[in-house]
Structures are given as structure tokens and as C-alpha cells.
Amino acid sequence: MPEPPRRPAERPERPVQGRRAAARRRRRGRRRLVRRVLTSNVTITLAAIAALMAVALNIGSFGFAKADPPPIAAELDLSANEMVALLNRSDMDKVAADAVAAAKHRAYLQQKEEERKARERAEWYRKNRKKIEASKTAEMLRRINPSAKQNKAYGKQMNELKGWAACWPSLEQLWERESSWNERAQNPYSGAYGIPQALPPEKLASAGADWRTSSPTQIAWGLSYIKARYGDPCKAWRFWQANHWY
């Protein structure tokens, strides 16, 4: 007689502590899976795209998209009570009003004083304009004052143009004694002026209006004088040596 089939041996039942440990392991596994999914590059890229689309679709809902203009005064439409309250808030006592008035008075007096000074400066300039302009002219002339070497260079060239190259040493010595080749030289006794020591000085004006400061103008006049009186600088220098004037 055959033996009846044997039942598989029943597994011993796990203790409660083992089941809890297994449950914790399963939960940890699920959390690791979720972290891998959330931190993957694909997931991050999709999330960024979704955020940008949301911003683009809802940009108009932000407050800075359209700012309402501030209401103008006419649109405030204050009630009588509100206007009375505003007036009451603006009430000023006498001490504060006096302080404002004093400040305004000081400002007015300062303005009047500045206007008075401006008028005085204008009047002073009007009275002294000629002196001021003369001083400016003198300063300008000092700045453009040529040297004796430059004046001699003009003299030598113009003397040669006259055909008197051989008499240059005589002319150089003549005007060296007279004026040291200074176009502003003035004799304190006679008043003779300029490189050729014209007397009176205004005679130089026949050569040019700039006779007071222009060495070429003075040299041209001096050579003309020498030609008319002595014939050439050689003769003029010989006369000067004998008489100490020419």
C-alpha cells in the first residue's frame, strides 16, 4: 500500500522584528529610486523647461508688467471733510511763520546786495575801461616783444634789400648806440622812440600804424630817414661818431 504524499515542511514563521527590518529596507530602496529619478539630468531639464513656460504664460499677471499711473490731483476727488483735515494738518503757528518770513527777508536782502555789487562792478568797469584795455594791450605787447637778436635779423635783411649790404656793420653799430635794437626804447630826455630813435615818435606812423611795437615798421622808417639825410648807413655812422647823434 502506497504511502500518502508528504506535506511540504512549513516554514517557521518570521519573528516580528525581522518583518519590520525588511519593511525598512524596502522603504529605503524606494527612496533611493525616487532620488535617482529626481536628480537625473533629464528630470532637471524637463523641470526647468516647465518653469520657463509657466513664467512666459503668466508674465502678465505680475505687478511690474503694467504699473498704473499715479492719480492726478483732479482724480483724487477729496471730500470736504478730507480737505478740512488736510488744511488742519497744514496749520502753522506764529513762531514757525515768523521763522519762514525771516528766512525769506534775508534771502531778499542778499539778492538786493548782490545786485548792488553787480551794478558797482559794471560802473567801475565803465569808468576804467580805457585803462583796462590799455593794460591788456600792454600785456599782449610784452608777450610778443621780440629780442634784439630778432630785430637785428630784420635790420640786416632789410638793409641788404636796400642795396647796402656793405654798410651793415655801420648800421648795426649806429642803432646799437641809439636804442640797443629795442623797438620800445625811449629817450627819457628828448622822447625819441624806437630802434631808429624817431623824434617826435609819431613820425614813425608814416611807415605803419603798428609803429609802437613793430620792429620791421621802425626799421623801414629808419632806413628811409638815413637815405634821405645821409645817403647810406656808412655815412650816417661816420656822422654819429663825430657828433654822437644823427
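The values are calculated or read from the model by the stated rules, or taken from the named source; none is laboratory data. What you see is a predicted model; the values in this text were computed from it and never measured. Every residue, glycine as well, gets a Cβ built from its backbone with ideal geometry; the counts of neighbours run over all protein chains shown. Keep in mind that these areas ignore ligands, DNA and RNA; they rest on the heavy atoms of the full protein, side chains included. Shrake-Rupley method; radii C 1.70, N 1.55, O 1.52, S 1.80 Å.
Figures for the structure shown
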read-out: Matching residues in segment 173-185 - criterion: being outside any helix (DSSP H, G or I) and in contact (Cβ under 8 Å) with a residue 24 or more places away in the chain; value: Ser180, Trp181, Asn182, Glu183, Arg184
read-out: Of residues in segment 124-155 being open to solvent by less than 90 Å² (accessible area, probe 1.4 Å), closer than 19 Å to Ala185 by Cβ and of a type outside the set (A, V, I, L, M), the one modelled with the lowest pLDDT; value: Thr137
read-out: Leading residue by the ranking (nearest to Gly155 (Cα to Cα)) among those in segment 188-198 that are open to solvent by less than 20 Å² (accessible area, probe 1.4 Å) and touching a strand residue (DSSP E or B) at 6+ places or on another chain (Cβ under 9 Å); value: Gly194
read-out: Qualifying positions in segment 199-216 - open to solvent by 20 Å² or more (accessible area, probe 1.4 Å) and in a helix (DSSP H, G or I); value: Pro201, Glu202, Lys203, Ala205, Ser206, Pro216
read-out: Single condition Trp245 does not satisfy, out of (1) open to solvent by 70 Å² or more (accessible area, probe 1.4 Å); (2) of a type outside the set (Val, Ile, Thr); (3) in a loop (DSSP other than H, G, I, E, B); (4) under 15 Å from Gly155 (Cα atoms); value: (4)
read-out: Failed criterion for Leu161 (all others in (1) in contact (Cβ under 8 Å) with a residue 24 or more places away in the chain; (2) open to solvent by 70 Å² or more (accessible area, probe 1.4 Å); (3) among the aliphatic types (A, V, I, L, M) hold); value: (1)
read-out: Out of Pro188, Pro196, sole residue that is outside any helix (DSSP H, G or I) and modelled with pLDDT of 95 or more; value: Pro196
